[in-house]
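Here's the structure we're looking at; comments come further down.
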Amino acid sequence: MAKTIIVSNRLPISLRHRNGKFEFKPSAGGLATGLDSIYKSGENIWIGWPGNTVDDAEQRAEIILELHELKMAPVFLSKKDVEQFYEGFSNETLWPAFHYFTQYMVYNPDHWEAYVRVNQKFCDAIVKKADPDDTIWVHDYQLMLLPQMLREILPDATIAFFQHIPFPSYEIIRMIPWRRELLEGVCGADLIGFHTYDDMRHFLSAVGRITGMSGESGYIQAENRIINVDSFPMGIDYHKFAKQAKSRKTQNIVKDFREKVGDQTLLLTIDRLDYSKGIPQRIHVFDQLLKQHKELRGKVSMIMIVVPSRDRVQSYKELKEEIDLLVGRINSEYSTLDWVPVHYFYRSFPFEELSAFYSMSDIALVTPLRDGMNLVCKEFVASKNDEKGVLILSEMAGASKELQDAILVNPNDRQGVVDAIYQALSMSEEEQKLRISTMQESLKKYDVFQWVKVFMDRIEHVKAKQAELTSK
Ligand code: GDG
C-alpha cells in the first residue's frame, strides 16, 4: 500500500550530545502536533535533519536505528552544510527575501551550491525509502528544489509542497539570481500550498513571469500535468491550549507570577529572535505610550519573551544587541522601586509556563513586520478561557486574514499601534468577550488537524483531476 512521507528540514525531535552520548528531545511545535497522526500511522515516516552534526559512523548507525523506532529517518548534514545551506542560503538569502528584508540578502554562489547539494541529499534519503506511488509532503523554503528532484526519479509519486513563510511579490523574487531554479524546483509538486491567498497570488505571478508556465484560477499548466496552487491557513491544536490554560498546574503558576508582578495590566509579546517580528519597533511603541500617557506609568508592564534563534547569523546577533540596549534604556528611564516597564526574557519557557503567560496577560501585542501566519496570536486567543483579553495584531501577519476581530494595526505606524494599545486598555469587558469568543469559534473549527485533513484531501482531489485530464 502506498505510504505518506513527511519531509522537513528539521525532524520533530532534536538530537543533543551529552557526555559523548546522544539523546533525543521531542519537539512540541504546532507542525509536529498536526502531523502526528499522519507519520505515526502505518508505514508512514518523517524524514529530516535531527538538528545536530554527527561525524562518527557508528553513532550514525545507532541514531538511524533509534529514529526508526520513532518512525523517522535522518538526513545527516555536515558542519559546512549547516553553515552554507541552513545559515547561509536558507537564512541569509531566502528568509530575508521572503520577508521583504532585501537589505539583509546575501548572494553567495557557494551558499547556493550548498543549497543544491543538501536538497539532493534529502532527495537521496527519500528515494531510499520511497515506493513509486507514495505521497511525499515537503515542507518549507529550505527544500524548494526537492519536489522537482523527486519528480525526476519518481515520476508517478504524489508530491506536495507547503511553504510556512510568506511568498513575496515578483519584484523581490526576481532579485534572487537562482529564481528560476527555485520556482521550477517547487513546480515539481502536484499541490503547492501557502498560508494566504496573497502568497498564492504572488507565487502564481512569479511562476508565470519567470518560468513562462501559465497559471490560472489556482492551476499551473506544466508540460505534462497540472499543478494546483492554493492557500491553506494553518491552525493550532486549539484544545491543547484551552485545556492547559485551565489546568491546575498552569493556574498555580499564574497565581505565583501574579503575586510577583502585582496587579498591573500586562501586555504580552512572544517571538523567536527575528528581525521580521518587529521587536525593537515594539519597544519604541511602548516607550511612546509611556511618554504620551504618563498616567499609565506604574500601571502597565510589558512581558517580552524572545526565544533564542539563529544566533550565529550576523544580523541576528546585531538584533539581539539592539533589543538589549532598548530594553535597558526604557527600563532605566521609567523604572521605580516597585515597577518595571519591560520584563524581558531571552529564553524559552516550558509549555505550562508559556500557557500561564497567555492566560494571565491582558493584551497580546503581536506586531510582526512580516509573518507567514503567526501562531502565537492564535495560542493567546485559545488560552482565554474567561474570554477576557485583547489581541492587537499586525496586518502583515498571515493570521490577520482570519482574525478580523483583533485590533488590526500597521506595525510601521508607531502612533497607530500606540493608539491601538490605548484602545485595548479602555475596551469594555463586554466587547473583549465578544471579540475573543468570535475568534475562538473560528480557531476551534479550523484547527491544525483540520488543516492537515483539508490539505491531504486536496492532494487526492488533484491526483483525481490529473487522471481525468490524461484519460481524455
Ligand atoms: C514559522 C513562520 C508560521 C514561542 N515561545 C515559546 C514557545 N513558542 C512557540 C509558540 C509557537 C511557536 O513557538 C512560534 O510560532 P510562530 O508561528 O509564531 O513563528 P515561527 O517560529 O516563525 O514559525 C510562521 C509558522 O512557521 C507555522 O507555519 O506561523 O509565520 O515564520 O507555537 O508557542 N514554546 C514554548 N516555550 C516558549 O517560550 N514551549
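Counting only DSSP beta bridges with both residues in the chain, the antiparallel share comes to about 20 percent.
Our helix-only sum for the chain, with -39,500 (n - 2.57) per DSSP H run of n ≥ 4 divided by its residues, gives a mean residue ellipticity at 222 nm of -14000 deg cm²/dmol. For region 30-144, averaging the sequence separation of C-alpha pairs within contact (under 8 Å, six or more residues apart) and dividing by the residue count gives a relative contact order of 22 percent. Compute the FRET efficiency between residue 197 and residue 62 as 1/(1 + (r/R0)^6), taking r as their Cβ-Cβ distance and R0 = 51 Å, and round to the nearest 0.05. Calculated transfer efficiency: 0.65. Within the straight-line cut-off of under 21 Å between alpha carbons, the lysines reachable from residue 243 are 255, 378, 384, 388, 433, 444, 445, sequence neighbours fewer than 8 places apart in one chain being disregarded.
Which of the trypsin sites (Lys or Arg not before Pro) found in region 293-375 are loop residues per DSSP with 14 or fewer other Cβ atoms within 10 Å of their Cβ? Don't skip to the answer; put the middle values down first.
Details: sites: 294, 297, 299, 310, 312, 317, 320, 329, 347, 370; in loops: 297, 299, 310, 312, 347, 370.
In loop regions of region 293-375 (DSSP not H, G, I, E or B), the sparsely surrounded trypsin sites (Lys or Arg not before Pro) are 299, 312, 347.
For the pair region 378-408 / region 90-152, the C-alpha centres are spaced 32 Å from each other.
Where the alpha-carbon atoms of region 249-328 are placed on the principal axes, they occupy 39, 38, 18 Å, in descending order.
Given Cα positions, please report Rg to Rh for the chain, the hydrodynamic radius being the Kirkwood one. Let's see the in-between values first.
Values: Rg = 22.9 Å, Rh = 23.5 Å.
Taking Rg over the Kirkwood Rh, I get 0.98.
Distance distribution P(r), region 39-106, all Cα-Cα pairs, bin width 10 angstrom from 0: 20, 33, 27, 17, 3 percent.
Each Lys and Arg adds +1 at its Cβ and each Asp and Glu adds -1 at its Cβ; summed about the Cα centre, the chain shows a dipole of about 480 debye. Over all directions, the projected convex hull of the C-alpha atoms in region 142-190 averages 3.5 nm² in area.
Read the figures in this text as sums done on the coordinates, not as results from a lab. Everything numeric here is computed off the predicted structure, so don't read it as measured data. In this analysis, Cβ positions are derived from the backbone assuming ideal geometry, glycine residues included, and neighbour counts consider all displayed protein chains.
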